[in-house]
Amino acid sequence: MKIYGDRISGNCLKVKWVCDHLALPYTWIDIDVVKGETRTADFLALNPWGQVPTVVFDDGRSLAQSNAIIRYLARDSALIPADAFIAAQMDGWLFWEQYSHEPYIAVRRFHLTYLGTPADTLDPKLEKRGYAALDVMERRLTDAHYLAGDALSLADIALLAYTRLAHEGGFDLAGYGAIRRWIGRAETELGLSPVR
Ligand SMILES: N[C@@H](CCC(=O)N[C@@H](CS)C(=O)NCC(=O)O)C(=O)O
């Protein structure tokens, strides 16, 4: 399997972490998002959406959308809860991540850290809704060690990707003790070095 990805992208790192955790072999192919390498004709032939991550399997089929990819790769593994209802709760977090977390926390980070956009020119809704997403996670993690069920699942991997980098988007996690403890727990289980 080939993973086309950019290591600055949490969406791409989700796929890498799942493969590493499950010992799935892959070849990583660097695609530089900032240089526009997702928009070349060759790349658009692989993924007409022009986005990483994109994976190409040995039989030539390709798959895009980070959460669809990790859901497929982790089928039959303990990263998807065996209980169908808890698995559906995990899916709920995956959809929520793409609609209510990543568009604010990851987008603000990309602007501040990679495009150099001045903070005062950014849409204030990025900060407001990013903190609202962190509040939701903090409430869940105050009472639970994991986002879905009582073990590490794809929900934790998907949400870890940009939450652990939230400071690069100008978000202060000082007041989010449950999230910080969860980040440490998930990083340890995935064998990741802390980012700060
Ligand atoms: N919903 C998609 C989002 C993918 C996405 O936004 N990828 C960004 C990098 S994080 C990208 O490829 N941007 C380059 C572009 O849009 O040209 C997913 O979860 O995979």
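Residues of the stretch 68-89 being more than 16 Å from the ligand (Cβ to nearest atom), free of Cβ contacts under 8 Å to residues at least 12 places away in the same chain and under 25 Å from residue 29 (Cα atoms), which ones?
75
Given the residues 103, 118, 124, which is the only one that is within 12 Å of the ligand (Cβ to nearest atom) and either surrounded by fewer than 17 Cβ atoms within 10 Å (Cβ to Cβ) or of a type outside the set (D, E, K, R) (or both)?
Working: 118 fails: within 12 Å of the ligand (Cβ to nearest atom); 124 fails: within 12 Å of the ligand (Cβ to nearest atom).
Going through 103, 118, 124 in turn, the sole match is 103.
Regarding the stretch 136-158, can at least one residue be identified that is surrounded by fewer than 13 Cβ atoms within 10 Å (Cβ to Cβ) and of a type in the set (Lys, Arg)?
The answer is yes, given that some residue of the stretch 136-158 is surrounded by fewer than 13 Cβ atoms within 10 Å (Cβ to Cβ) and of a type in the set (Lys, Arg).
Looking at 92, 130, 50 in this structure, which one is small (Gly, Ala, Ser) and assigned to a loop (DSSP other than H, G, I, E, B)?
Working: 92 fails: assigned to a loop (DSSP other than H, G, I, E, B); 130 fails: assigned to a loop (DSSP other than H, G, I, E, B).
The match here is 50.
Condition first: crowded, with 16+ Cβ neighbours inside 10 Å and more than 18 Å from the chain's Cα centre (by Cα). Can you find one or more residues in the stretch 73-84 that meet it? Break it down stepwise before answering.
Narrowing the stretch 73-84 to residues crowded, with 16+ Cβ neighbours inside 10 Å: 73-74, 79-81.
Cutting the leftovers down to more than 18 Å from the chain's Cα centre (by Cα) gives us 81.
Yes, some residue in the stretch 73-84 is crowded, with 16+ Cβ neighbours inside 10 Å and more than 18 Å from the chain's Cα centre (by Cα).
Any residue at all in the stretch 48-67 that's touching a His at 6+ places or on another chain (Cβ under 9 Å) and either modelled with pLDDT of 95 or more or more than 9 Å from the ligand (Cβ to nearest atom) (or both)?
As a first pass, look at the stretch 48-67 and keep what is touching a His at 6+ places or on another chain (Cβ under 9 Å): none.
Looking through the stretch 48-67, none of the residues is touching a His at 6+ places or on another chain (Cβ under 9 Å) and either modelled with pLDDT of 95 or more or more than 9 Å from the ligand (Cβ to nearest atom) (or both).
So which residues in the stretch 1-47 are within 15 Å of the ligand (Cβ to nearest atom) and polar (S, T, N, Q), if there are any at all?
Matches in the stretch 1-47: 9, 11, 38, 40, 47.
Answer yes or no as to whether residue 109 is more than 9 Å from the ligand (Cβ to nearest atom) and assigned to a loop (DSSP other than H, G, I, E, B). Before you say what the answer is, go through the steps one by one.
Values: more than 9 Å from the ligand (Cβ to nearest atom): yes; assigned to a loop (DSSP other than H, G, I, E, B): no.
Spelling it out, it is not the case that residue 109 is more than 9 Å from the ligand (Cβ to nearest atom) and assigned to a loop (DSSP other than H, G, I, E, B).
Under 8 Å by Cβ, and 6 or more places apart or on different chains, what pairs join a residue from the stretch 31-60 that is more than 24 Å from residue 115 (Cβ to Cβ) and in contact (Cβ under 8 Å) with a residue 24 or more places away in the chain with one that is in a loop (DSSP other than H, G, I, E, B) and not β-branched (Val, Ile, Thr)?
Within 8 Å, the pairs are 55/1; 55/26; 56/1; 57/1; 58/1.
Okay, residues lined up against (1) among the basic types (Lys, Arg); (2) farther than 30 Å from residue 127 by Cβ:
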{"residue": "3", "(1), (2)": "no, yes"}
{"residue": "7", "(1), (2)": "yes, no"}
{"residue": "47", "(1), (2)": "no, yes"}
{"residue": "53", "(1), (2)": "no, no"}
{"residue": "68", "(1), (2)": "no, no"}
{"residue": "105", "(1), (2)": "no, no"}
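Which ones in the stretch 23-46 are touching a Lys or Arg at 6+ places or on another chain (Cβ under 9 Å) and β-branched (Val, Ile, Thr)?
Within the stretch 23-46, 27, 29 qualify.
The values are calculated or read from the model by the stated rules, or taken from the named source; none is laboratory data. These figures come from a predicted structure and were not determined experimentally. Every residue, glycine among them, receives a Cβ derived from its backbone with ideal geometry; neighbour counts consider all protein chains shown.
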